[in-house]
Amino acid sequence: MHVDYIIVGQGICGTFLSWELQKAKQSFIVIDESKPFTASKAASGIINPVTGRRIVKTWMIDELMPFAWNAYQSFGEKLGINCITQKPIIDCFTTPQMRLAFTERYEKDQQFLSLPANENDWLPYLDYDFGYGIIQPAYLVDIQTLLTSQRKNLLAGGQLKEEHFDAAQLENKETSVEYKGISADKIIFCDGIAGYSNPFFPNLPYGLNKGEILLVEIPGFPATHIIKKGYSLVPWSANTFWLGSTYLWEFEDDRPTKGFYQFAENWLKQTIKMPFTIIDHWASVRPATLERKPFVGLHPADNKMGILNGMGTKGCSLAPFFAKQLVNHLLHKEPVMADANLGRFKKVLSR
Ligand SMILES: Cc1cc2nc3c(=O)[nH]c(=O)nc-3n(C[C@H](O)[C@H](O)[C@H](O)COP(=O)(O)OP(=O)(O)OC[C@H]3O[C@@H](n4cnc5c(N)ncnc54)[C@H](O)[C@@H]3O)c2cc1C
């Protein structure tokens, strides 16, 4: 059997790459082992246009937000699902300094920031001492539904192998690659944190980052907004909310910890004024990079191998955009933008 591409991994990167290749009428096989706590499955799905204590706009957000909205809308239409909604963020100030920083920023730039008409209106549900600001538009992506629906679609079309990809069994030939009887013009790795030990792309500067979350049932709590007060409380499914997350650059393993559970439980007790039940506790690792920029493109010394990875904390907004750039590069030789282009590691990868 011959296909144009083998894709390794069906997280948010492999999912969008498969969709772009479907639209471009390219043949491919996705190989993905179904693991429960991958970054895409643990993510809350927020696209937040601002970041940090100074509430500055995130990298490329003016381009990424409209692109993401259209991409999730049209992918969702094809799959018969709704996988993106607008969800304003209630940014609760935890100190007077935070309040000041927000209002100063708001006075300079109101593109994404606004102030509430009545800042007591969340007090029936939440404890907050210094008021809040609103970040909007912000989006919430239903990654779980998107991944599951595209997986069904790929399985129905015979385009998905649910198994572990074993790098030792890949044969790299003159003009093609071959894996267990499937030959392909190119293989593209969308393997998330496994990219860190991918033998074909050694020494890339990953900076893996662990995050933990709780799933919490809070009957009657409004699901109209995302609440941010140190942690984020994000509508997940009926009466269930995602609470997280931590950002740990140093960690011993990828398992949930008691420490986070206790911290997050206290947060709930101190913040939420309604009865709640903790129903689950997950940990996962983000495929982040030291430069905080993705890895996108073909291997500088072997153009039969490519990569779409390193989305860090922002897979929801970056993956659709860079999957499209990668496919435009593969099919039309359009350059991948310099900040994300794998070519910047030519020396490292040619060692
Ligand atoms: C707690 C947490 C919260 C987050 N919240 C957000 C958020 O709100 N918004 C946002 O934009 N981003 C968020 N992120 C980041 C986002 O999840 C990641 O950027 C994104 O999911 C990375 O997607 P990926 O496809 O590169 O990797 P993954 O989702 O890890 O997918 C890789 C896939 O490859 C498969 N795979 C790997 N190796 C092999 C192999 N050898 N054989 C077969 N299959 C293989 C894996 O099983 C997996 O299915 C969050 C991350 C975490 C951990």
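Annotations for the structure displayed:
- For segment 37-56, a tally of residues being more than 12 Å from Lys314 (Cβ to Cβ), more than 6 Å from the ligand (Cβ to nearest atom) and part of a loop (DSSP other than H, G, I, E, B) returns 5.
- Which listed residue, of Ala156, Ala184, is of a type in the set (Gly, Ala, Ser) and under 30 Å from Pro199 (Cβ atoms): Ala184
- Subset of segment 238-296 (residues that are farther than 18 Å from Gly11 by Cβ, within 15 Å of the ligand (Cβ to nearest atom) and in a strand (DSSP E or B)): Phe241, Leu243, Leu248, Asp280, His281
- Of all residues making up segment 297-321, the number that are in a strand (DSSP E or B), buried (at least 24 other Cβ atoms within 10 Å of the Cβ) and among the polar types (S, T, N, Q): 1
- Selection count, segment 14-48, where residues are farther than 18 Å from Thr145 by Cα and under 14 Å from the mean Cα position of the chain (by Cα): 1
- For segment 189-235, taking the residues that are assigned to a strand (DSSP E or B) and of a type in the set (S, T, N, Q), the one that is nearest to Asp127 (Cα to Cα) is identified as Ser232.
- Unique match (being modelled with pLDDT under 95 and open to solvent by 60 Å² or more (accessible area, probe 1.4 Å)) among Lys258, Lys333, Lys346, Lys324: Lys346
- Filtered residues of segment 209-220 (kept if within 12 Å of the ligand (Cβ to nearest atom) and surrounded by fewer than 20 Cβ atoms within 10 Å (Cβ to Cβ)): Leu215
- Listed here are the strands (runs of 3 or more DSSP E) enclosed by segment 69-188 that have at least 1 residues being touching a strand residue (DSSP E or B) at 6+ places or on another chain (Cβ under 9 Å), closer than 30 Å to Pro300 by Cα and touching a residue at least 60 places away in the same chain (Cβ under 8 Å): 170-172, 177-179.
- Residue identified as in contact with a Pro (Cβ under 7 Å, 6 or more places away or on another chain) and of a type outside the set (Ser, Thr, Tyr) among Leu318, Leu308, Leu298, Leu330: Leu318
- Restricting attention to segment 170-198, the residues being within 11 Å of the ligand (Cβ to nearest atom) and either of a type in the set (Lys, Arg) or exposed (fewer than 12 other Cβ atoms within 10 Å of the Cβ) (or both) number 1.
- Scanning segment 131-154 for residues that are open to solvent by 20 Å² or more (accessible area, probe 1.4 Å) and more than 14 Å from the ligand (Cβ to nearest atom) yields Ile134, Gln136, Pro137, Thr145, Ser149, Lys152, Asn153.
- Here segment 4-36 is the region considered, the condition is being closer than 25 Å to Thr246 by Cα and either modelled with pLDDT under 95 or away from the ligand (no atom under 11 Å from the Cβ) (or both), and the residue that is surrounded by the fewest Cβ atoms within 10 Å (Cβ to Cβ) is Pro36.
- Those residues of segment 309-326 which are within 24 Å of Asn172 (Cα to Cα) and within 7 Å of the ligand (Cβ to nearest atom), in sequence order: Asn309
The values are calculated or read from the model by the stated rules, or taken from the named source; none is laboratory data. Small disclaimer: the values here were computed from a predicted structure and weren't measured. FYI the Cβ positions are ideal-geometry reconstructions off the backbone, even for glycines, and counts take in every protein chain you see. Quick note on the areas: whole protein, heavy atoms, side chains included, nothing else; ligands and nucleic acids left out. Shrake-Rupley method; radii C 1.70, N 1.55, O 1.52, S 1.80 Å.
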